[in-house]
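Only one structure is covered here, and it is reproduced in the block below.
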Amino acid sequence: MNRRPSWDEYFMDIALKVAERGTCDRAHVGAIIVRDRRILTTGYNGSPAGLPHCDDVGHLMVDGHCVRTLHAEQNAIIQAAYHGVSVRGGTIYVTHQPCLTCAKMIINAGIKRVVYAGDYPDNIARQFLAEAGVSLQRMSLPEEKQEAIQHHPEAGRNADDPGVTCC
């Protein structure tokens, strides 16, 4: 008999599925915002509505980052605002630790808990979340799901791009 997944496992599996819609191959990132065990919104990394995607026209690199796309957390929060859904007191499940900009948006949106799977080297984001009282919890994934959270910083690189840390 199969073991029933915990709520955190269940929602992270959904975030991993949402990440498959991501349109920047440097990292397919997915996020879902949940409150009271109900999904409020989802988001993945992709270009603003109506603009071309990395998958279609390539990366737009600035200082080692692809700036063509919005981050998954940003898209999930924007979807909540667009549809008039309060995320205050919710949990965001995201395939990668949020960056500083996303952490600030999470704080201001009133989200109280972040559950993530893949590391992202942003200690300032961690510090801001902690200072704001937002719980940050890393979730270990089974080996068969690890590939889904791999970052591919070589995608979109060129000779003028000395290094990358984010999508």
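The values are calculated or read from the model by the stated rules, or taken from the named source; none is laboratory data. All values derive from a computational prediction rather than experimental measurement. In this analysis, Cβ positions are derived from the backbone assuming ideal geometry, glycine residues included, and neighbour counts consider all displayed protein chains. When the accessible area is computed, the model is the full protein with side chains, heavy atoms only, and any ligands, DNA or RNA have been set aside. Shrake-Rupley method; radii C 1.70, N 1.55, O 1.52, S 1.80 Å.
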Scanning segment 72-88 for residues that are more than 11 Å from residue 46 (Cβ to Cβ) and hydrophobic (A, V, I, L, M, F, W, C), the one surrounded by the most Cβ atoms within 10 Å (Cβ to Cβ) turns out to be 76
The strands (runs of 3 or more DSSP E) lying wholly within segment 16-105 that contain at least 1 residues that are without any contact (Cβ under 8 Å) to a residue 24 or more places away in the chain are 38-44
Review point. Quick check: is even one residue across segment 33-41 open to solvent by less than 10 Å² (accessible area, probe 1.4 Å), in contact with a Gly (Cβ under 6 Å, 6 or more places away or on another chain) and under 22 Å from residue 147 (Cα atoms)?
Key: no
Sole miss for residue 102 among (1) buried (at least 22 other Cβ atoms within 10 Å of the Cβ); (2) more than 18 Å from residue 15 (Cα to Cα) is condition (2)
Of the residues in segment 108-134, those that are surrounded by fewer than 17 Cβ atoms within 10 Å (Cβ to Cβ) and of a type in the set (A, V, I, L, M) come to 124, 130, 132
Checking 91, 165, 69 in turn, the sole residue that is crowded, with 20+ Cβ neighbours inside 10 Å, modelled with pLDDT under 95 and either among the hydroxyl-bearing types (Ser, Thr, Tyr) or touching a Phe, Trp or Tyr at 6+ places or on another chain (Cβ under 6 Å) (or both) turns out to be 69
